[in-house]
Amino acid sequence: MESTYTLGDVQALDARRHLNTFGSRLPILAVAGEGSCLIDENGRRYLDLIGGIAVNVLGHGNAALSAALADQAGRLIHCSNLVYNPWQTVLAERLCEATGMDRVFFANSGAEANEGALKLARGYHVEQGRPRARVLSATDSFHGRTLATVTATGQPKYNRKFAPLPPGFSYLPFGDEEALTQAMDDDVACLILELIQGESGIHPLSREYVALARRLCDKTGALLVIDEIQSGMGRTGCFTACQLYDVRPDIMTLAKGLGGGVPIGALLASEEAARGFVPGDHGSTFGGNPLACRAALTVLDEYERLGLTARAGEAGKRFRAALAPAVSDEGPLVEIRGAGLMLGLELATATTAGGAAAVRNRLLAEDGILINSIGQTTLRLLPPLVITDEEIDFASRAIVEALQK
Ligand SMILES: Cc1ncc(COP(=O)(O)O)c(C=O)c1O
């Protein structure tokens, strides 16, 4: 069914009827998509460098995904977790093979996967006969919006309003090895980290820090939880950022791109950490339903057919090469961070009047490019992994020009 609403209609209704969580959005009424482009109600195409915030890994309108969803919708959309469904089990097997983890629980979002991870970590220590409550996370991290995950999120702007927050959470200054060494003791249930922080503006941890975190967890018995919700699904050029960093966590979480746009999250655990849950400890009505799992399996099939993980690495190199000439200490671009198609561009404060948001607005208005701005000085790129060389070249040229205006 085609929508007949105009942008103005929807904006007026939105202002009246939605909880005001998103404020005013970008002035685009998205009604369709094709490849890396979003299409509005007038047929205008926008090159989508946000990719649904790292969700539309296959781009928009992927034929295999649409066909699999239509086929599965005609057979079975949902059944309860009181019965078996084949796609859930096959997906668990495929994800364990792809990530090196042993067991999976399916949720519906990233926050839910992380919520399960925190419960599993505490549950593990209870099952070991020595309960531990402390959860350590990094400053500037982002782990979700449920009460526990927003508390693990090391950004007071997201959680302080909702006090009293669940107890037991503390924050480590991002990347500080000394602080990590001091904080890790045998009261710590788990340490939860993004290897490349996404929401804060694409900030990678060093390999040394991550190796130290693994060693200290081994020494103290704390579980290492790696949040791959943004960095996973091939985005960095490896299927998981853990593979890029050569670290095996005890617990890993995935979501975002896993369903190619269909909501699904996954909590993955080593055989040992999986002991933290016994029947009745955790569950989900929708988690792992046949439609979502069929979607995720099709996404994995498309990764294999199109070689998307390797492509993300190559595409990221092309972006970097095209943007590198604009990098200098004086600006307009002072740094390119990240890996593969998870890129942060740091702008020089002095050379970008209006900051990153002004550059974002210029790209949207003049070039039809959708890009994410974070704070005053960062642009974030999380495009579909199917972005073409031509699109990368066009976007890079437009970004450099927009920075120089
Ligand atoms: C690293 C990370 N963890 C967790 C989340 C929360 O995921 P969701 O919005 O699906 O709950 C996000 C979302 O941006 C994220 O980037």
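Readers should treat all values here as calculations from the given coordinates under stated rules, not as data from a laboratory. None of these values were measured; they are calculated from a predicted model. Note that each Cβ is placed from the backbone with ideal geometry, even for glycine, and that neighbours are counted across all protein chains shown.
Listed peptides 6-19, 36-49 appear in the order 36-49, 6-19 once ranked by packing, highest mean of other Cβ atoms within 10 Å at the front.
Calculate, in whole percent, how much of the Cα-Cα pair population of the chain lies beyond 41 Å. Value for the chain: 13 percent of Cα pairs lie more than 41 Å apart.
Cross-linked pairs LYS157/LYS219; LYS119/LYS161; LYS119/LYS256: Cα-Cα separations exceed 25 Å for LYS157/LYS219. Annotation: amide H of LEU223 within the under-5 Å range of CYS190, LEU191, sequence separation 5 or more or interchain, hydrogens built in the peptide plane.
When each of the peptides 76-88, 331-343, 250-262, 133-145 is scored by how many other beta carbons lie within 10 Å of its residues on average, the order from highest to lowest is 250-262, 133-145, 331-343, 76-88.
Length, then width, then depth: along the principal axes, the Cα atoms of the range 289-358 run 52, 24, 14 Å. Dipole check for the chain: with +1 at the C-beta of Lys and Arg, -1 at the C-beta of Asp and Glu, and the Cα centre as origin, the magnitude is about 720 Debye.
For the range 89-159, what is the relative contact order in percent, using Cα pairs closer than 8 Å and at least 6 residues apart in sequence?
On the way: 63 pairs, mean separation 16.1, N = 71.
Once divided by the residue count of the range 89-159, the mean separation gives 23 percent.
Taking amide H as placed 1.01 Å from N in the peptide plane, the amide H of PHE169 sits under 5 Å from that of VAL135, each at least 5 places away or on another chain.
Relative contact order of the chain: what whole-number percent is it, with Cα pairs under 8 angstrom and at least 6 residues apart? Before the final figure, lay out each step's value.
Working: 818 pairs, mean separation 85.0, N = 405.
Value for the chain: 21 percent.
A full extension of the chain between THR4 and ASP186 corresponds to an added length of 59.5 nm, given 0.36 nm per residue minus the alpha carbon distance. The separation of the range 1-66 from the range 77-127, counted between C-alpha centres, amounts to 30 Å. For the range 212-308, applying the loop criterion from DSSP together with a ceiling of 10 other beta carbons within 10 Å to the GluC sites (Glu not before Pro) yields GLU271.
In summary, the lysines within cross-link reach of LYS405, defined as a Cα separation below 30 angstrom excluding same-chain residues under 8 places away, comprise LYS317. As a rough guide to protection, the peptides 174-184, 290-300 ranked by mean Cβ packing within 10 Å, highest first, stand as 290-300, 174-184.
Of all DSSP beta bridges confined to the chain, the antiparallel ones make up roughly 65%. A convex hull fitted to the Cα coordinates of the range 1-48 yields 95 cubic angstrom per residue. Couplings 3J(HN,Hα) of the range 331-348, computed from phi: x, x, 10, 9, 7, 10, 10, x, 8, x, 9, 10, 10, x, 10, 9, 9, 7 Hz, in residue order, whole Hz [Karplus 6.51 cos²θ - 1.76 cosθ + 1.60, θ = phi - 60°; x for Gly and Pro].
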